[in-house]
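**Q** I'd like to ask you about the structure that follows.
The values are calculated or read from the model by the stated rules, or taken from the named source; none is laboratory data. Values in this document were obtained by computation on a predicted structure and should not be read as measured data. Methodologically, a virtual Cβ is constructed for each residue, glycine included, from the backbone with ideal geometry; neighbour enumeration extends over all protein chains shown. The area values use the complete protein model at the heavy-atom level, side chains included, leaving out ligands, DNA and RNA. Shrake-Rupley method; radii C 1.70, N 1.55, O 1.52, S 1.80 Å.
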Amino acid sequence: MIGRLGLFSAMLISMAVVTPAQADKLDDIIASGKLRCAVVLDFPPMGSRDEKNTPIGYDVDTCNDLAAALGVKPEYVETPFPDRIPALTSGRADVGVASTSDTLKRAQTIGFSIPYFAFKMVVLTKKGIGIDSYASLKGRKTGSVSGTFEAIALEKDVKKWNDPKGSFRAYQTQADVFLALAQGQIEATVVTSTVAAATVKGGKFKDLQVGKDAPYDIDYVGLIALRQDYGFLNYLNLFVHLQTRTGRAQELYQKWIGGTMPDLTVKGVYR
Amino acid sequence: MMDGSDFGLQELLLMLKGAGVTLSITFWAVLGGTLMGLVFGLVRSVAPWWINWPLGGLLDVFRSVPLLIQLVLVNSFKSIIGLNASAFVVSCVVLAFYTSSYCSEIVRAGVQAVPQTTRRAARSLGLTYWQDLREIVFPIALRVSLPSWTGLTLGVMKDSALVLWIGVIELLRTSQVIITRIQEPLLVLSVCGLIYFVISYPISRLGTRLEARWRDLD
Amino acid sequence: MNYTFHWYQAFRALPEMLVGALVTIEVAVLSMVIGIAAGILLALGRNSKNKLLYGVSTAWVEGARNTPALFQIYMAYFGLGSLGIFVDSFPALLIGISFNNAGYLAETFRGGLRAVPPTQMRAARSLGMSAPKAFRLVVLPQLFRTVFHPLMNQMVWAILMTSLGVVVGVNIDLTGVTQELNVRTFRTFEYFAMAAVIYYVITKLVTLSARAAASRLFRY
């Protein structure tokens, strides 16, 4: 009798220990009651702070929508650009709603949803120093945010041009890049057309001027989550799809940028 | 934008909140670090070489690797093993070990500052080993160590600025956030520096004055 | 645990990191040279009767010792920039660390000067030496012996402080290189662990060679 009782309790204990080893991230978020989004808050209009220092922006609103869909409260984890993926992998955030370009290199570490936004890149410089087109960046002091899509492309081109007067410097946040540009430590940078427009309009930096487009591919960005959270990534894909289908994405685009949302599909490829 | 500064009461309050986080991290780090440092220091002053050397070597690592690297390593390691601790906790833990490493040296120096003759005299008067430690060594060692310990505490408070790298919103990071919005780096940084100074200077002066007073008493 | 270590990939970056380590040592040595020179001047300034000299030196020393090094570096980079003085990342790091070094070393030198009894100077003068000669041959060696250990400590701190450069965009020192590698591949643990080992080796080399030098120099 003792033998059978012992066996039964061992079975119960082993079930309790062995069974829920891999709880789904989606369940974890719903159970915890809060969604921690990594957001970039020095990147208007996708993410910035208002006069009360509360986070606002397209990404912030998207995070709010996602939290509402899950029935939980949103919590913003502010991350400068290079810190988005580390925040995910170190468990500080559940999802990254942070304009993250979907590169294959990053996909080795984290999982991307389908694109939820698309950017085109422009040159941002100061008035009066004679920079306009992308080609005129040759031989100039340039800089960008460490590890971003545009930084990697710009640094490659600066190395290719190999001009002794040209240089590329990587900064740790987007805000530092703007500050460096305003103070003259760099002469130009390449940023998304949206943040260029927002920064010039914001008026905080004197004499900034938007140049011509940069010859990069369209920068599609997705939501990011941990690579192995398949259930959660599937959910995010449906979420992004429905944002467009219900017109919510266009509504947010009109609110923060104005005009028509760029097409998020790529012709000729299924997915 | 020349009609006065955007830096108002709200920004100041935000910075004071950041200062609160700085002080909070300092408090926990110094508390944990001092307790561990006491243990390590006592062990190191009485232990034989085969405990002393490895322990000393291990503690030395905390003083020989930049704090920034230690923070990133521990933060990254804790997520690798799946531990769910916040960046704040990681900061306190790393700073506590860092503090304990310096504190153990301070404790050791303090204990060794008590002359052997005094301690032997105490034992020959009939005090037990622990009574000797408690009544004779402790007060003398405390007086010798207090100025260094104060210096260490202030050092930890200043080093706590590094935790911004792993995502903790303390005073310096709060200043960066405000600068991003209102673009007045010199003003915001000056206020930030002033806050650090106001926290640190009085305690540092107190420490120096105590040290001078006790030095003159000897 | 769902993380696989990619040590092989990390070791391939070792040469790059060692080049960064050389830059780290360069910055540290340079900042110490500047720091010692400025520190001596500040120590003299703090001992002087001139109100202006005393005020400026005290402001520098107390400012350097009561604010974080990271703050000083950040201030050198962005604070000076808004005054119109454009400082690049590397010079900003150097200025920040040197400013910090000078502040702490000033106090070290002041204590050292106090530790040499004034009788030494008087005895040397009474033997017929001029003041500078007496200072050079009698006071300075004794001063050097007193401050050697704190100086060595400050050197180690200078090496560790160079890691802060990455916050203002320095990407050529050891931490800067490590962060660049980290940002491209996200193999944080592997790269930073290697960096930690390299820093440990550097500081140990400095401490051991300083101790060896001390035993030769201070034999008497």
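**Q** Pick from the stretch B:184-193 the residues that are in a helix (DSSP H, G or I) and within 9 Å of another protein chain (Cβ to nearest Cβ): which of them is most open to solvent (accessible area, probe 1.4 Å)? Break it down stepwise before answering.
**A** Filtering the stretch B:184-193 down to residues in a helix (DSSP H, G or I) leaves B:185-193.
Pick out the ones that are also within 9 Å of another protein chain (Cβ to nearest Cβ) and you get B:185-187, B:189-190, B:192-193.
Numbers: B:PRO185: 8, B:LEU186: 53, B:LEU187: 69, B:LEU189: 1, B:SER190: 53, B:CYS192: 0, B:GLY193: 7 Å².
Per the criteria, the residue is B:LEU187.
**Q** Out of A:ALA93, A:ALA107, which single residue is within 28 Å of A:ILE218 (Cβ to Cβ), under 16 Å from the mean Cα position of the chain (by Cα) and within 12 Å of chain B (Cβ to nearest Cβ)? Spell out how you get there, then give the answer.
**A** Numbers: A:ALA107 fails: within 12 Å of chain B (Cβ to nearest Cβ).
Unique residue meeting the criteria: A:ALA93.
**Q** Now for a separate question. Kindly evaluate A:LYS138 against the criterion of being within 14 Å of chain C (Cβ to nearest Cβ), open to solvent by 10 Å² or more (accessible area, probe 1.4 Å) and of a type in the set (Lys, Arg). If you could, list the steps in order and put the result at the bottom.
**A** On the way: within 14 Å of chain C (Cβ to nearest Cβ): no; open to solvent by 10 Å² or more (accessible area, probe 1.4 Å): yes; of a type in the set (Lys, Arg): yes.
Against the criterion (within 14 Å of chain C (Cβ to nearest Cβ), open to solvent by 10 Å² or more (accessible area, probe 1.4 Å) and of a type in the set (Lys, Arg)), A:LYS138 does not qualify.
Table: residues versus (1) modelled with pLDDT of 90 or more; (2) surrounded by fewer than 24 Cβ atoms within 10 Å (Cβ to Cβ).
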| residue | (1), (2) |
| --- | --- |
| A:THR148 | no, no |
| A:PRO164 | no, yes |
| A:SER167 | no, yes |
| A:GLN172 | no, yes |
| A:GLY184 | no, yes |
| A:LYS201 | no, yes |
| A:LYS206 | no, yes |
| A:ASP217 | no, yes |
| A:ALA225 | yes, no |
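**Q** Now for a separate question. Any idea which residue in the stretch C:181-212 is surrounded by the fewest Cβ atoms within 10 Å (Cβ to Cβ), counting only those that are without any contact (Cβ under 8 Å) to a residue 24 or more places away in the chain and within 28 Å of A:ALA180 (Cα to Cα)?
**A** The qualifying residue surrounded by the fewest Cβ atoms within 10 Å (Cβ to Cβ) is C:ARG184.
**Q** Taking the stretch C:61-90 as the region of interest, how many residues are closer than 14 Å to B:VAL188 by Cα, part of a helix (DSSP H, G or I) and among the aliphatic types (A, V, I, L, M)?
**A** 3
**Q** I've got another one for you. From the list B:ILE81, B:ILE166, B:ILE140, B:ILE69, which one is within 30 Å of C:VAL183 (Cα to Cα), open to solvent by 50 Å² or more (accessible area, probe 1.4 Å) and hydrophobic (A, V, I, L, M, F, W, C)? Break it down into steps so the answer makes sense when it comes.
**A** Numbers: B:ILE166 fails: open to solvent by 50 Å² or more (accessible area, probe 1.4 Å); B:ILE140 fails: within 30 Å of C:VAL183 (Cα to Cα); B:ILE69 fails: open to solvent by 50 Å² or more (accessible area, probe 1.4 Å).
That would be B:ILE81, the only listed residue that is within 30 Å of C:VAL183 (Cα to Cα), open to solvent by 50 Å² or more (accessible area, probe 1.4 Å) and hydrophobic (A, V, I, L, M, F, W, C).
**Q** While we're looking at this one, here's another question. B:LEU152: open to solvent by less than 30 Å² (accessible area, probe 1.4 Å) and either more than 27 Å from C:PHE192 (Cα to Cα) or under 17 Å from the mean Cα position of the chain (by Cα) (or both), yes or no? So that I can check it myself, show each step before the final result.
**A** On the way: open to solvent by less than 30 Å² (accessible area, probe 1.4 Å): yes; either more than 27 Å from C:PHE192 (Cα to Cα) or under 17 Å from the mean Cα position of the chain (by Cα) (or both): yes.
Spelling it out, B:LEU152 is indeed open to solvent by less than 30 Å² (accessible area, probe 1.4 Å) and either more than 27 Å from C:PHE192 (Cα to Cα) or under 17 Å from the mean Cα position of the chain (by Cα) (or both).
**Q** Confirm whether B:LEU127 is more than 18 Å from B:GLN70 (Cβ to Cβ), open to solvent by 60 Å² or more (accessible area, probe 1.4 Å) and either within 13 Å of chain C (Cβ to nearest Cβ) or among the aliphatic types (A, V, I, L, M) (or both).
**A** Working: more than 18 Å from B:GLN70 (Cβ to Cβ): yes; open to solvent by 60 Å² or more (accessible area, probe 1.4 Å): no; either within 13 Å of chain C (Cβ to nearest Cβ) or among the aliphatic types (A, V, I, L, M) (or both): yes.
Criteria not met by B:LEU127.
**Q** Do you know which residues across the stretch A:9-39 are of a type in the set (A, V, I, L, M), open to solvent by less than 80 Å² (accessible area, probe 1.4 Å) and either modelled with pLDDT under 90 or part of a loop (DSSP other than H, G, I, E, B) (or both)?
**A** Scanning the stretch A:9-39 gives A:ALA10, A:ALA16, A:ALA21, A:ALA23.
**Q** Please state which of the following conditions A:ASP213 fails to meet, knowing it meets all the rest: (1) closer than 19 Å to A:ARG271 by Cα; (2) among the acidic types (Asp, Glu); (3) open to solvent by 30 Å² or more (accessible area, probe 1.4 Å).
**A** (1)
**Q** Return yes or no: is C:THR178 closer than 30 Å to A:ARG106 by Cβ, touching a residue at least 24 places away in the same chain (Cβ under 8 Å) and open to solvent by less than 30 Å² (accessible area, probe 1.4 Å)?
**A** Working: closer than 30 Å to A:ARG106 by Cβ: yes; touching a residue at least 24 places away in the same chain (Cβ under 8 Å): yes; open to solvent by less than 30 Å² (accessible area, probe 1.4 Å): yes.
Considered against the rule, which asks whether it is closer than 30 Å to A:ARG106 by Cβ, touching a residue at least 24 places away in the same chain (Cβ under 8 Å) and open to solvent by less than 30 Å² (accessible area, probe 1.4 Å), C:THR178 comes out as yes.
**Q** Mind listing whichever residues of the stretch C:173-208 are farther than 11 Å from B:LEU73 by Cβ, of a type in the set (Asp, Glu) and in a helix (DSSP H, G or I)?
**A** C:GLU180
**Q** If you don't mind, there's one more thing I want to ask. Take the stretch C:162-215 and flag every residue that is within 19 Å of C:PRO150 (Cα to Cα), polar (S, T, N, Q) and facing another protein chain (nearest Cβ under 9 Å).
**A** Answer for the stretch C:162-215, where residues must be within 19 Å of C:PRO150 (Cα to Cα), polar (S, T, N, Q) and facing another protein chain (nearest Cβ under 9 Å): C:THR162, C:THR203, C:THR207.
**Q** Please determine whether any residue of the stretch C:119-142 is touching a Gly at 6+ places or on another chain (Cβ under 9 Å), open to solvent by less than 60 Å² (accessible area, probe 1.4 Å), assigned to a helix (DSSP H, G or I) and polar (S, T, N, Q). Full working, then the answer.
**A** If we filter the stretch C:119-142 for residues that are touching a Gly at 6+ places or on another chain (Cβ under 9 Å), which is where we start, we get C:142.
Then drop every residue that is not open to solvent by less than 60 Å² (accessible area, probe 1.4 Å), which leaves none.
The answer is no, given that none of the residues of the stretch C:119-142 is touching a Gly at 6+ places or on another chain (Cβ under 9 Å), open to solvent by less than 60 Å² (accessible area, probe 1.4 Å), assigned to a helix (DSSP H, G or I) and polar (S, T, N, Q).
**Q** Also, I was wondering about something else. Out of the helices (runs of 4 or more DSSP H) lying entirely within the stretch A:40-127, which hold 3 or more residues that are at pLDDT below 90, surrounded by 19 or more Cβ atoms within 10 Å (Cβ to Cβ) and on the phi < 0 side of the Ramachandran plot? Step through it out loud before you land on a result.
**A** Values: elements: A:58-70, A:84-89, A:104-107.
Where helices (runs of 4 or more DSSP H) fall fully within the stretch A:40-127 and carry at least 3 residues being at pLDDT below 90, surrounded by 19 or more Cβ atoms within 10 Å (Cβ to Cβ) and on the phi < 0 side of the Ramachandran plot, they are A:84-89.
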